[in-house]
Amino acid sequence: MGGEYVCTLSEELIQRAKDELGEDPARRAQDIEHIRDWLKHQPHIRARTDDWTILRFLRGCKFSLERTKEKLDMFYTCKSLCPEWYTNRDPQDKKMREILELGLVLPLPRRSDAAPLYLVARPGHRDPNTTTMDDLSKVIQLSLQILQEEDEPLSITGAVLVIDVGELTFQHAAQMTPPAVKKALTILQDGYPMRPKGLNYIHTPAAFDTVFSIFKSFMKEKMKRRIHIHGSDLESLHKEVPKEILPAEYGGTNGTVEDIKNYWLQRVDARRDWLLEDEKYGVDESKRPGKAKTSADLFGIEGSFRKLNVD
């Protein structure tokens, strides 16, 4: 989308944006302009200032101008204070390609604009000897950014995650330390202009319990209420995620994991220039009015968790 926003939503979603998010089409341009003007006066933020980027943050904050400013600042601050997730994201780079080829994050092709966007994540589908939690997080952030850029209904419908932890081992779990988990959840909960509408865990192994208790400790209450743990019960999963949206491996009819992975790889490749250009956006803490922020401010955790760390 160029500078000026062109609405691609169905009538139903335009209505939902009014009812659920407080979006007023007559005031939309004015709200976007207000935020753009604010961004121009923030010496420390280098942000995208096109209509669409600003609008999705407004939607994610239900058109509260103050919350939108906080979230934009948070998003770009996370980006700069977490270079291990937001730099070197060239999909043609050998290491990056290998990680993308694993299909750790699979956005499922939409069947309806009115339904949430569904994603399958397979965090255990990587070798913990050759990849890290940072590699997984990098792919998650990259996928979310592309989806938010390309899928306008997502800004209203939200997303539902299916997290397949079937291959998760204690070696994976050892990499998911409290600081790493806190960082991931801080960015997802406070930095992105979207809310997960459901978290569905499937194929839960023994190693899952340890990791899950750490995740839950950093989750907001609202998020905790949206958790469904299905064990290996596909029927239970289908009550939350329709079969027609799931790949065959999960009892569904939406192609295979391999099909979806290849389709998604093409979409990432098509965004290569955008991903490379995106690295220039962020914050310069030396120019922040008031006190500069550090990663300890953002992602630091209380001492009580230190003893949980796995050496």
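The selection criterion, being among the acidic types (Asp, Glu), in contact with a helix residue (DSSP H, G or I) (Cβ under 8 Å, 6 or more places away or on another chain) and open to solvent by 20 Å² or more (accessible area, probe 1.4 Å), does not hold for residue 258.
Would you confirm, using the coordinates I've provided, whether residue 220 is at pLDDT below 95, more than 24 Å from residue 82 (Cα to Cα) and open to solvent by 20 Å² or more (accessible area, probe 1.4 Å)? No.
Give the residues of segment 165-179 that are open to solvent by less than 20 Å² (accessible area, probe 1.4 Å) and out of contact with any Ser or Thr (no Cβ under 7 Å at 6 or more places or on another chain), sorted by residue number. Within segment 165-179, 168, 172, 176, 178 qualify. Looking across segment 180-201, the residues that are open to solvent by less than 20 Å² (accessible area, probe 1.4 Å), closer than 14 Å to residue 70 by Cα and in a helix (DSSP H, G or I) come down to 186, 187, 189, 191. When 118, 76 are screened for being in contact (Cβ under 8 Å) with a residue 24 or more places away in the chain, touching a strand residue (DSSP E or B) at 6+ places or on another chain (Cβ under 6 Å), not β-branched (Val, Ile, Thr) and not in a helix (DSSP H, G or I), only 118 passes. Look at segment 54-71: where a residue is under 15 Å from residue 188 (Cα atoms) and a partner is of a type in the set (D, E, K, R), sitting 6+ places away or on another chain with Cβ atoms under 7 Å, you get 57/71; 60/71; 61/67; 61/71.
Sort out which residues of segment 119-155 are among the β-branched types (Val, Ile, Thr) and either touching an Asp or Glu at 6+ places or on another chain (Cβ under 7 Å) or farther than 28 Å from residue 236 by Cβ (or both), and write them in order of number.
120, 130, 131, 132, 146
Residues in segment 272-307 that are part of a helix (DSSP H, G or I), surrounded by fewer than 14 Cβ atoms within 10 Å (Cβ to Cβ) and modelled with pLDDT under 70: 303, 304, 306, 307. A search for C-beta distances below 9 Å between a residue of segment 4-18 that is open to solvent by less than 50 Å² (accessible area, probe 1.4 Å) and any residue that is of a type in the set (Phe, Trp, Tyr), counting only pairs 6+ apart in sequence or on different chains, returns 5/52.
Residues of segment 40-73 that are in a loop (DSSP other than H, G, I, E, B) and buried (at least 18 other Cβ atoms within 10 Å of the Cβ): 44, 47, 61, 63. Restricting segment 184-217 to residues that are more than 21 Å from residue 53 (Cα to Cα) and of a type in the set (S, T, N, Q), the residue that is modelled with the highest pLDDT is 200. The set of residues in segment 202-213 being open to solvent by 20 Å² or more (accessible area, probe 1.4 Å), within 18 Å of residue 161 (Cβ to Cβ) and part of a helix (DSSP H, G or I) consists of 212 alone. Looking only at segment 99-108, filter to residues that are over 16 Å from the mean Cα position of the chain (by Cα) and either at pLDDT below 95 or of a type in the set (A, V, I, L, M, F, W, C) (or both); which one of those is surrounded by the most Cβ atoms within 10 Å (Cβ to Cβ)? So, considering only residues that are over 16 Å from the mean Cα position of the chain (by Cα) and either at pLDDT below 95 or of a type in the set (A, V, I, L, M, F, W, C) (or both), the one surrounded by the most Cβ atoms within 10 Å (Cβ to Cβ) is 99.
The values are calculated or read from the model by the stated rules, or taken from the named source; none is laboratory data. Being a predicted model, the structure only gives us computed values, none of them experimental. Note that we place each Cβ from the backbone using ideal geometry, even for glycine, and neighbour counts take in every protein chain shown. Protein only, heavy atoms only, side chains kept; ligands, DNA and RNA dropped before computing areas. Shrake-Rupley method; radii C 1.70, N 1.55, O 1.52, S 1.80 Å.
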